[in-house]
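Trainee: Got a structure for you, questions after.
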Amino acid sequence: MRLLLSGFEPFGGSTINPSEQVVLALAHDGIADVELRAVILPVDRTRGPAKLLEAVSNFAPDAVLCLGEASRRMALSVERVALNLMDYRIADNSGNRVQDELIVPDGPAAYFTTLPVRAMLNAVVEAGVPAELSLSAGSFLCNQVTYSLLHFLATHSRATPAGFMHLPALPQQAAGRDVLMPSMALESMLKGMRAALGAIVEQQASAAAGRGPAKLPR
C-alpha cells in the first residue's frame, strides 16, 4: 500500500519537533509492504495545508496519517475530529495569529477522521506505549491541516482513509524547564507509531481482500 506520513517543522521557539523526528526515522527505516512517502510541513497557515494537499495529489496514497506535537500530552493521542476553526494560541512561524476564523467558510462544522482509530489505539497500547483517544485536533495548524485534508478528500470524492495523531514532547524539550512538562522518548514514540501504522495497513489489507473497512468513525 501507499502511505503518506506528514509531520511539522519546529515551532514555538523549539529547535526540534517530535513529529518531524518520527516521520524522518520511519521514512529512513521503512515499513514492510508499504511504499512510504514522508513530508514535513511548514508551520504556516497557508503553506502548511497547501504542501500536504500537493503531496496527496502527487502521490495518490491509499491512506494518510498526519503527526504533530502537543507538548502537554502524556501519551500518543489518536484524534477523532477536525473542526472548521482556526483559533491559534500562538503565532505560526510566519507570525500569523488567527482567532475565531473558519478554515473553509462554506465547509461543514467538522469532519470525523477516517482511519481505524480504535484499532490504532489498541495496537499502540498492546505494544506497551501509552496512548489515548482524543476528541479533536485542537484549533492550531494540526487541526487546520487535518480539516483541510479531509475536506479535500470529501469534495474530490476520494475514499482515502485519513487522520491525525498528536505526539508528546521529547525529553530534550522538557529538560531544563522551570515548569515540568510530560515527555516521551523517541524510541517509545517510534514503537507506538509502528504499531499504529500496522493497524492501518491491516485495515487496508482487509478492504483490498473484499472484506471491506469497518464502520467509521469509531
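Trainee: Please work out if V39 is more than 24 Å from P130 (Cβ to Cβ) and assigned to a helix (DSSP H, G or I).
Mentor: Here the answer is no, as V39 does not meet what is asked.
Trainee: What tally of residues in the range 133-163 results from selecting those that are outside any helix (DSSP H, G or I) and more than 15 Å from A55 (Cβ to Cβ)?
Mentor: Adding up the residues that qualify gives 12.
Trainee: I would also like to ask the following. From (1) surrounded by fewer than 23 Cβ atoms within 10 Å (Cβ to Cβ); (2) at pLDDT 95 or above; (3) more than 14 Å from L170 (Cα to Cα), pick out the condition that doesn't hold for S6.
Mentor: (1)
Trainee: May I ask you to list pairs of residues, at least six apart or on different chains, whose Cβ atoms are under 6 Å apart, with the first in the range 5-23 being under 10 Å from V39 (Cα atoms) and the second being among the small types (G, A, S) and surrounded by fewer than 19 Cβ atoms within 10 Å (Cβ to Cβ)?
Mentor: Qualifying pairs under 6 Å: L5/A38; V23/A38.
Trainee: Of the residues in the range 136-182, how many are of a type outside the set (A, V, I, L, M) and farther than 27 Å from Q203 by Cα?
Mentor: 9
Trainee: With the checklist (1) touching a Pro at 6+ places or on another chain (Cβ under 6 Å); (2) more than 22 Å from L4 (Cβ to Cβ) in hand, flag the one item A109 doesn't pass.
Mentor: (1)
Trainee: Just name the residue that is nearest to V39 (Cα to Cα) out of those in the range 137-157 that are polar (S, T, N, Q) and modelled with pLDDT of 95 or more.
Mentor: Per the criteria, the residue is T146.
Trainee: Quick one: would you say A169 is assigned to a helix (DSSP H, G or I), buried (at least 18 other Cβ atoms within 10 Å of the Cβ) and in contact with a helix residue (DSSP H, G or I) (Cβ under 7 Å, 6 or more places away or on another chain)?
Mentor: Here the answer is no, as A169 does not meet what is asked.
Trainee: Sticking with this one: Are there any pairs, at least 6 apart or on different chains, whose C-beta atoms fall under 8 Å, with the first in the range 43-55 and assigned to a loop (DSSP other than H, G, I, E, B) and the second of a type in the set (A, V, I, L, M, F, W, C), and if so, which?
Mentor: V43/F8; V43/F11; V43/L141; D44/L141; R45/M86; R45/V98; R45/L141
Trainee: Name the single residue, out of those in the range 174-189 being aliphatic (A, V, I, L, M) and more than 22 Å from L67 (Cα to Cα), that is surrounded by the most Cβ atoms within 10 Å (Cβ to Cβ).
Mentor: By that ranking, first place goes to A175.
Trainee: Given S157, S206, S183, which one is over 17 Å from the mean Cα position of the chain (by Cα) and at positive phi?
Mentor: S157
Trainee: Oh, and also: Starting from the range 94-114, keep only residues that are under 18 Å from S134 (Cβ atoms), then list their pairs with residues that are surrounded by 15 or more Cβ atoms within 10 Å (Cβ to Cβ) and small (G, A, S) whose Cβ atoms are within a distance under 6 Å, requiring at least 6 positions of separation or different chains.
Mentor: Taking only residues 6 or more apart or on different chains, the pairs are Y111/A82; T113/G163; T114/A162.
Trainee: Which condition from (1) closer than 22 Å to Y88 by Cβ; (2) in a helix (DSSP H, G or I); (3) without any contact (Cβ under 8 Å) to a residue 24 or more places away in the chain; (4) not charged (D, E, K, R) is the one that A207 breaks?
Mentor: It is condition (1) that A207 fails.
Trainee: Suppose the filter is modelled with pLDDT of 95 or more, closer than 29 Å to A207 by Cβ and of a type in the set (K, R); does R118 pass it?
Mentor: Here the answer is yes, as R118 does meet what is asked.
Trainee: So V39 passes all but one of these: (1) touching a Lys or Arg at 6+ places or on another chain (Cβ under 8 Å); (2) under 17 Å from A137 (Cβ atoms). Which condition number does it fail?
Mentor: It is condition (2) that V39 fails.
The values are calculated or read from the model by the stated rules, or taken from the named source; none is laboratory data. None of the values given here were measured: they were computed from a predicted structure. Neighbour counts are summed over all protein chains in view; Cβ atoms, including those assigned to glycine, are modelled from backbone coordinates with ideal geometry.
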